[in-house]
């Protein structure tokens, strides 16, 4: 099968069956792209996530575009983007058309409550998976702890945490190289 078509099908499935947004998609993207298909290595996947997270837009969309570009160039990037976005677009379109009619339905509410309860665990699974690829140096552990405290306890904007961590990394690497 043509690699771009296979990639489109893979990202379409990820887009269609992942609930909870970009962070919930990350473990599934890693499973498919790194482990099952072997299109990229774990280290490259981690690098893509770092760059995708630091750019505007949804993490899953940004990372799928990067991975698509890596696999199939410009056409691959476009196909990965369409594949990951189209399922959500169609699902939201259908839900929007029928939501007012079914919004008070007991079973519909139960489904959404069940999905809502599972999503944080998908995000946690993604965080655990990503943490396995991080160098366990003292500096990285300090960055992780400070970032966690800043995000959870002080509600600091994630962009500020990312930029601050990047600056710390630049300063630390510069000292290490000298």
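The values are calculated or read from the model by the stated rules, or taken from the named source; none is laboratory data. If you're wondering where the values come from, they're calculated on a predicted model, not measured in any experiment. Here the Cβ is made from the backbone with ideal geometry for all residues, glycine too, and neighbour counts use every protein chain on show.
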- Given the conditions (1) touching a helix residue (DSSP H, G or I) at 6+ places or on another chain (Cβ under 9 Å); (2) part of a loop (DSSP other than H, G, I, E, B); (3) more than 21 Å from residue 123 (Cα to Cα), and given that residue 90 satisfies all but one, which numbered condition is not satisfied? (2)
- Residues located in segment 37-48, provided they are out of contact with any helix residue (DSSP H, G or I) (no Cβ under 8 Å at 6 or more places or on another chain) and modelled with pLDDT of 90 or more: 38
- Query: residue 4: surrounded by 14 or more Cβ atoms within 10 Å (Cβ to Cβ) and assigned to a helix (DSSP H, G or I), yes or no?
  - Reply: yes
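Those residues that are in contact (Cβ under 8 Å) with a residue 12 or more places away in the chain, touching a helix residue (DSSP H, G or I) at 6+ places or on another chain (Cβ under 7 Å) and surrounded by fewer than 24 Cβ atoms within 10 Å (Cβ to Cβ), I need them from segment 63-73; list them, please.
65, 66, 71, 72
Inspect segment 13-33 for any residue being outside any helix (DSSP H, G or I) and either assigned by TED's automatic domain parsing to the domain that holds residue 158 or modelled with pLDDT of 85 or more (or both) and give the result as yes or no.
At the first step, the residues of segment 13-33 found to be outside any helix (DSSP H, G or I) are 18-21.
Pick out the ones that are also either assigned by TED's automatic domain parsing to the domain that holds residue 158 or modelled with pLDDT of 85 or more (or both) and you get none.
Checked against the condition, which is being outside any helix (DSSP H, G or I) and either assigned by TED's automatic domain parsing to the domain that holds residue 158 or modelled with pLDDT of 85 or more (or both), segment 13-33 yields no hits at all.
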- Query: What are the residues in segment 149-167 that are in contact with a helix residue (DSSP H, G or I) (Cβ under 9 Å, 6 or more places away or on another chain) and over 20 Å from residue 52 (Cβ atoms), if any?
  - Reply: 150, 156
- So how many residues does segment 120-168 have that are over 24 Å from residue 27 (Cα atoms) and either part of a loop (DSSP other than H, G, I, E, B) or modelled with pLDDT under 80 (or both)? 5
- Which listed residue, of 113, 101, is over 24 Å from residue 15 (Cβ atoms), in the same structural domain as residue 16 (by TED's automatic domain parsing) and in a helix (DSSP H, G or I): 101
- Considering segment 34-48 alone, what residues qualify as being outside any helix (DSSP H, G or I) and closer than 17 Å to residue 69 by Cβ? 37, 39, 40, 41
- Message: Can you say whether residue 83 is outside the structural domain of residue 12 (by TED's automatic domain parsing) and modelled with pLDDT of 90 or more, as far as the supplied structure shows?
- Response: no
- Task: For segment 1-53, name all the residues that are more than 11 Å from the chain's Cα centre (by Cα), more than 28 Å from residue 93 (Cβ to Cβ) and in contact (Cβ under 8 Å) with a residue 40 or more places away in the chain.
- Result: 3, 42, 43
